[in-house]
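Peer 1: Handing you this structure, nothing more for now.
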Amino acid sequence: MLPELRIVNPDELAQAAAAAVAEQLTNAVSRLGRARLALAGGGTPRPTYHALATSPHLEEVPWADVDVYFGDERCVPAEDPSSNFRMAQEALLSHVAIPASNIHRIRGELAPEDSARAYARVLGDTPLDIVLLGLGGDGHTASLFPETPLMSDKSVLATQSPIAPHRRVSLGLGPINAANVVIFLVAGVGKAERVAEIHAQIASGKPVLPAAYVQPVHGRLIWFLDTHAASMLPPLESS
Ligand code: 6PG
């Protein structure tokens, strides 16, 4: 299954992605009564989180019925500047009417293996409705790196990043590919070569890089790209 590509101007990416996330959350709550959302870390999602915390999305998303999880976390305390939880708190969660009990952070202060085991229990077996992901320059996503044993049957993994902070905890491919909708957020010309490489791997059915293994079993796969990140895709795909 080829991903759905949403290629937009750089200054439109945050709003376009926020609208899609808000729509998916609202649909999930209306269908199921609740929605389970896993947030991405890194820097790219921040403007999208800000747009979600701003009108009209601020009012339209039923946050009281949304459970927020994290795709991955650095093994640092929650208040550490490199914490994905802290970034999400600052950009989104502290601005919306979401009960603290709905926010399920990965406990980065624990030893990685203990944190991974604990989070697998928190996550449970119910599929996530929406998983947001970023893309690293080496083709990683969440904290699944090229050296990570991707075929692990664990739902949550302790992994090693070549980029500090080195110790990470990440959702495995299982929960990601079981999700109803997976949305990548990728911006900048620095990601263009990897985007093209990953899409070629998906199209050929020969995934190598971790992000190419993200292929939801039953759900939708949407890549939100700005025009720079999409600039090396074959003309047909980037039209
Ligand atoms: C993290 C993220 C990671 C990130 C990519 C892209 O914890 O860093 O989960 O997978 O999404 O590294 O990061 P940028 O968006 O900052 O380029």
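Bear in mind these aren't lab numbers, they're just calculated from the coordinates by the rules spelled out. These figures come from a predicted structure and were not determined experimentally. Please note: Cβ atoms are built from the backbone with ideal geometry, for glycine as well, and neighbour counts cover all protein chains shown.
Peer 1: Sort 68, 208 so that the residue with the fewest other Cβ atoms within 10 Å of its own Cβ comes first and the one with the most comes last.
Peer 2: 208, 68
Peer 1: Sketch the reach of a paramagnetic label on residue 231 as a point 7 Å from Cα along Cα-to-Cβ, and name the residues of the range 193-209 whose backbone nitrogen lies under 17 Å away.
Peer 2: Flagged as within label range: 193-197.
Peer 1: Report the extension gain between residue 109 and residue 164 in nm, rounded to one decimal, defined as 0.36 nm multiplied by the number of residues separating them, less their alpha carbon distance.
Peer 2: 18.3 nm
Peer 1: Same structure again: Which distance in Å, rounded to a whole number, links the C-alpha centroids of the range 36-68 and the range 161-188?
Peer 2: Value for the Cα centre distance between the two parts: 17 Å.
Peer 1: Related question: Considering the dipole of the range 63-187 built from charges on the beta carbon (Lys and Arg +1, Asp and Glu -1) around the Cα centre, which of 68, 128, 145 is farthest to its positive end?
Peer 2: 145
Peer 1: What list of whole percents do you get for P(r) of the chain, with Cα-Cα distances grouped in 10 Å bins up to the one holding the largest distance?
Peer 2: 8, 35, 39, 17, 1
Peer 1: Here is a follow-up. May I ask you to list, by number, the DSSP H helices of the chain whose Cα span along the axis is at least 24 Å and whose average Kyte-Doolittle hydropathy reaches -1.0 or more?
Peer 2: Taking the DSSP H segments of the chain (at least 24 Å long, mean hydropathy at least -1.0), we get 13-32.
Peer 1: What shape does the range 50-151 take by its C-alpha gyration tensor, where a ≥ b ≥ c are the square roots of the eigenvalues and a/c under 1.5 counts as rounded, a/b above b/c as prolate, and the rest as oblate?
Peer 2: The shape class here is prolate.
Peer 1: Report the charge-dipole magnitude of the chain in Debye, nearest 20, computed about the Cα centre from +1 at each Lys and Arg Cβ and -1 at each Asp and Glu Cβ.
Peer 2: Charge dipole, the chain, about its Cα centre: 380 debye, nearest 20.
Peer 1: Farthest toward the dipole's positive end in the range 151-239, which of 214, 169, 224, given Cβ charges of +1 (Lys, Arg) and -1 (Asp, Glu) about the Cα centre?
Peer 2: Looking along the dipole axis, the top candidate is 169.
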